[in-house]
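Read through the structure below, which is laid out as structure tokens, and then see the notes.
The values are calculated or read from the model by the stated rules, or taken from the named source; none is laboratory data. Owing to the predicted nature of the structure, the values given are computational and were not obtained by experimental measurement. Using ideal geometry, Cβ is built from the backbone for each residue, glycine included, and neighbour counts are taken over all protein chains shown.
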Amino acid sequence: MPIHLEQDTTHIWLVDFNDNTFSEEIINNFLDATDIKRASKFSCETTKTTHTKSRAMLRFLLGNYLNIAPKDITFTKNDFNKPSICKSVHIENLHFNLSHSNNLGMFTISKDEVGCDIEVFKPRNFMKIAKRYFTHTEHQLLVNTPKHLQQRLFFSFWTQKEAFVKYQGLTLARAMNNWIAQPILPDDAQERELYCVRNNDVTVSNLLATKNAMAAVVVKNVNAKFRMMRFEELSS
């Protein structure tokens, strides 16, 4: 049975690529010739494995929504390389986006345009990056935040902006300032609990994917709802 996607609802799948969800044989059965050719170009084995698993899982998930074989799904891209399902082949109105950081992957499936980003916390010069890429308001909010909370706020803002860029399907430089990030997460935010703001025609959400990773989702639907899905409940 295909997965039912409710109206106004975006499904969120979080995946640990270190889990042996699929064998190599099953993964290869999900990929088409284009995926395999692209993967062969990666010289770094870790990057190649992550790319291969993310493509296989994306095809597996979409296949469950479209009720077709994963390798039969046809993709297209816009001028800025945002992928989408080829509408001339698949009539289902389905939008998706994916992101990965280290061993974590995030997949969002929706009937509305969607963008997502996930980032594992890493030591960074937050203020230097914020001064270059954030608006003055965002930068000042970060400066005025207690030091022990700055890392979380930085990644909250960064993932919001990255997800908005991917939702719009533009380059980072063209769209970075199209969304003014907001401090959505409360101090006592729980893992995998979504917190949202609604602005104009979009809903923007943040969540702690794990205690060491931040994620964000942007959906072109001011009434959007979110449902956390359990990848391990699906079988091949």
Name the single residue, out of those in segment 56-108 being among the acidic types (Asp, Glu) and not in a helix (DSSP H, G or I), that is surrounded by the most Cβ atoms within 10 Å (Cβ to Cβ). Glu92
Which of the residues belonging to segment 179-201 are at pLDDT 90 or above and among the acidic types (Asp, Glu)? Asp188, Glu191, Glu193, Asp201
Answer yes if at least one residue in segment 1-23 is touching a residue at least 12 places away in the same chain (Cβ under 8 Å), surrounded by fewer than 17 Cβ atoms within 10 Å (Cβ to Cβ) and assigned to a helix (DSSP H, G or I), and no otherwise. no
Which of the residues that make up segment 213-236 are modelled with pLDDT of 95 or more and not in a strand (DSSP E or B)? Lys220, Asn221, Val222, Asn223, Ala224
Just a yes or no: is a residue in segment 189-206 in contact (Cβ under 8 Å) with a residue 40 or more places away in the chain and among the small types (Gly, Ala, Ser)? no
Leu170: of a type in the set (A, V, I, L, M) and surrounded by fewer than 19 Cβ atoms within 10 Å (Cβ to Cβ), yes or no? yes
Please work out which one of (1) out of contact with any strand residue (DSSP E or B) (no Cβ under 8 Å at 6 or more places or on another chain); (2) touching a residue at least 60 places away in the same chain (Cβ under 8 Å); (3) within 18 Å of Thr50 (Cβ to Cβ); (4) not hydroxyl-bearing (Ser, Thr, Tyr) is the condition Asn67 fails and give its number. (3)
Looking only at segment 189-216, how many residues end up being among the acidic types (Asp, Glu) and within 15 Å of Val120 (Cβ to Cβ)? 1
Could you check, for segment 82-94, whether at least one of its residues is β-branched (Val, Ile, Thr), more than 18 Å from His51 (Cβ to Cβ) and at pLDDT 90 or above? yes
Scan of segment 30-55 for residues that are surrounded by 18 or more Cβ atoms within 10 Å (Cβ to Cβ) and either in contact with an Asp or Glu (Cβ under 6 Å, 6 or more places away or on another chain) or aromatic (Phe, Trp, Tyr) (or both), ordered by number: Phe30, Arg55
